[in-house]
Amino acid sequence: MSVDSSAAGSPRRSAAGKAGTTGSKTGTKRTTSRTTSRTTTRSTPKKSTDPELVQLLTPEGKRVKNAEYDAYVAGITPDDLRGLYRDMVLTRRFDAEATALQRQGELGLWASLLGQEAAQIGSGRATREDDYVFPTYREHGVAWCRGVDPTNLLGMFRGVNHGGWDPNSNNFHLYTIVIGSQTLHATGYAMGIAKDGADSAVIAYFGDGASSQGDVAESFTFSAVYNAPVVFFCQNNQWAISEPTEKQTRVPLYQRAQGYGFPGVRVDGNDVLACLAVTKWALERARSGEGPTLVEAYTYRMGAHTTSDDPSRYRGDEERLAWEAKDPILRLRRYLEASNHADEGFFAELEAESEALGRRVREVVRAMPDPDNFAIFENVYADGHALVDEERAQFAAYQASFADVEGA
């Protein structure tokens with residue numbers, strides 16, 4: 001799905017974004033200058049309990065007009081809307097199947113995206129083919145948008161490979177387990193394409209917990225100084241495992257961008273249209289040479305952090321139920337039905353497609369061959385190493401001991 005629309009006006013954002021860093025949306029040459037024109041005016045920070053959200057669809061599925069962002073979804077068609085809905089439904093079905101496979105012992109671990117479908121699908125569909133995406137380990141919906149076969153995501157969690165896909169085939173980097181380090185990779189890549197003069201952008205995904213990492217702070221610094229064409233997309237799902245956001249920051253996360261001199265904006269992360277519009281604005285801004293943007297998608301992790309986590313130990317059902325009422329899929333379905341953009345036939349066909357996807361995922365995962373036990377010793381050193389040779393021999397003897405027991 002593609003949405004062809006141009007910007008109109010200057011979108012609402014943090015004070016840094018109002019200080020001359022946005023300018024014209026088209027025809028601006030990218031610059032790697034260390035200096036940009038900024039003012040020092042700052043608005044009074046809003047409390048985190050009173051967030052300023054960009055929202056185009058209410059939880060009840062009603063369309064809200066927004067003079068600053070409507071232009072970015074002005075060309076969206078009923079087919080596009082059904083496509084966004086299909087993306088979210090199939091992504092959730094895949095995620096549920098992966099969770100079930102882990103519970104059945106088929107995967108070692110799984111990080112669910114339940115509740116974050118709108119943030120990922122909306123932002124993922126805003127990217128162009130030549131943009132480059134740097135995910136963390138929960139961006140299954142973004143991977144779907146970039147054309148990565150969902151079964152390829154499961155190889156790493158099953159322990160049969162180190163990623164399962166070629167990052168350059170879809171401009172979608174391998175999952176990054178080290179918290180926050182992908183933002184450095186994204187910044188460096190963005191600095192590189194800026195020097196090459198490429199008309200493309202980079203987007204880096206991370207969570208509210210990762211926003212407290214030093215790597216993210218360094219990424220903000222370098223991207224601002226070198227005017228890198230990168231969008232930092234933070235999915236604030238309220239919990240960094242068991243730590244709530246209020247124990248990490250005194251202000252809304254998007255306002256952190258002010259200290260680095262580039263715009264930040266908070267979007268309703270359960271509103272797929274708003275996520276699409278805001279991300280398109282941020283990416284177009286990057287492509288036109290206006291530098292980085294921080295997008296905070298205000299959403300909620302409705303499931304566990306991973307399948308090794310028990311969220312009932314640190315949060316109550318009341319909070320979860322309140323967010324379930326804002327479910328991103330139900331929100332768009334209500335809008336589709338109210339607008340007569342989808343009928344029962346569409347939903348029935350999608351349900352059948354969803355079940356077929358679940359079956360295919362199960363079959364492919366269970367058919368994955370075991371990896372070569374000795375592959376871990378390959379490519380450690382270019383010319384070999386005595387210690388690695390010793391460890392390989394010890395492991396071979398250990399493996400052989402099982403054969404001796406079976407043959408006894």
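The values are calculated or read from the model by the stated rules, or taken from the named source; none is laboratory data. Remember, predicted model here, so these are calculated numbers, not experimental data. Here Cβ is always computed from backbone atoms with ideal geometry, including for glycine, and neighbour counts include all displayed protein chains. For accessibility, only protein heavy atoms count, side chains too; no ligands or nucleic acids. Shrake-Rupley method; radii C 1.70, N 1.55, O 1.52, S 1.80 Å.
Distance distribution P(r), the chain, all Cα-Cα pairs, bin width 10 angstrom from 0: 5, 21, 31, 24, 12, 5, 2, 0 percent.
Using DSSP loop states and a limit of at most 10 other Cβ atoms within 10 Å to flag GluC sites (Glu not before Pro), what is the longest stretch of the chain containing no flagged site? With a cap of 10 other Cβ atoms within 10 Å, the longest stretch comes to 130-377.
Rounded to the nearest 10 degrees, the angle from helix 78-103 to the longest Cα principal axis of the chain is 30 degrees.
Taking the helices alone, the chain has a mean residue ellipticity at 222 nm of -12500 deg cm²/dmol, built from -39,500 (n - 2.57) per DSSP H run of at least 4 residues and averaged over all its residues. Expressed as a whole percent, the accessible area of segment 145-256 that falls on carbon and sulfur atoms is 52 (1.4 Å probe). Report, to the nearest 10°, how far helix 181-196 tilts away from the longest principal axis of the Cα atoms in the chain, using its own Cα long axis and a range of 0 to 90°. Tilt relative to the chain: about 60 degrees. For LEU109 and GLU318, a Förster radius of 25 Å and the Cβ-Cβ distance give a FRET efficiency of 0.30, rounded to the nearest 0.05.
For segment 218-323, the Kirkwood estimate of hydrodynamic radius, built from reciprocal distances between every pair of different alpha carbons, is 15.0 Å.
The chymotrypsin sites (Phe, Trp or Tyr not before Pro) found in segment 294-347 that occupy coil by DSSP, while having at most 16 further C-beta atoms within 10 Å, are TYR314. Please report, to two decimal places, log10 I(q)/I(0) for segment 271-373 at q = 0.20, 0.22 Å⁻¹ as given by the Debye formula with identical point scatterers on the Cα atoms and no solvent. Cα-only, vacuum Debye calculation for segment 271-373: -1.11, -1.12. Axis angle, to the nearest 10 degrees, between helix 328-338 and the longest C-alpha principal axis of the chain: 50 degrees. Strictly greater than 18 Å: what percent of every Cα pair in segment 245-305 meets that? Counting every Cα pair in segment 245-305, those more than 18 Å apart make up 43 percent. Using the 1.4 Å probe convention, the accessible area of the chain works out to 45 Å² per residue with neighbouring protein chains retained.
For segment 274-408, the share of accessible area belonging to carbon and sulfur comes to 51 percent (1.4 Å probe, ligands and nucleic acids excluded). Extending 7 Å from Cα along the Cβ direction at ALA74 and again at ASP310 yields two label points whose distance is 5.4 nm. Annotation: extensible slack from ALA356 through ILE177 equals 61.5 nm (criterion: 0.36 nm per residue apart, minus Cα-Cα distance).
To the nearest 0.05, how large is the calculated FRET efficiency for GLU391 and ALA67 if R₀ is 60 Å and r is the Cβ-Cβ distance? The value I calculate is 0.40.
Here the spin labels are modelled as points 7 Å beyond Cα on the Cα-Cβ line, and at ILE241 and ASP130 they lie 4.2 nm apart. A simple count of charges around TRP165, restricted to other residues whose Cβ falls under 11 Å of its Cβ and scoring Lys, Arg +1 and Asp, Glu -1, yields -1.
The modelled label-to-label distance for the pair ALA338/THR221, using points 7 Å beyond Cα in the direction of Cβ, is 4.7 nm.
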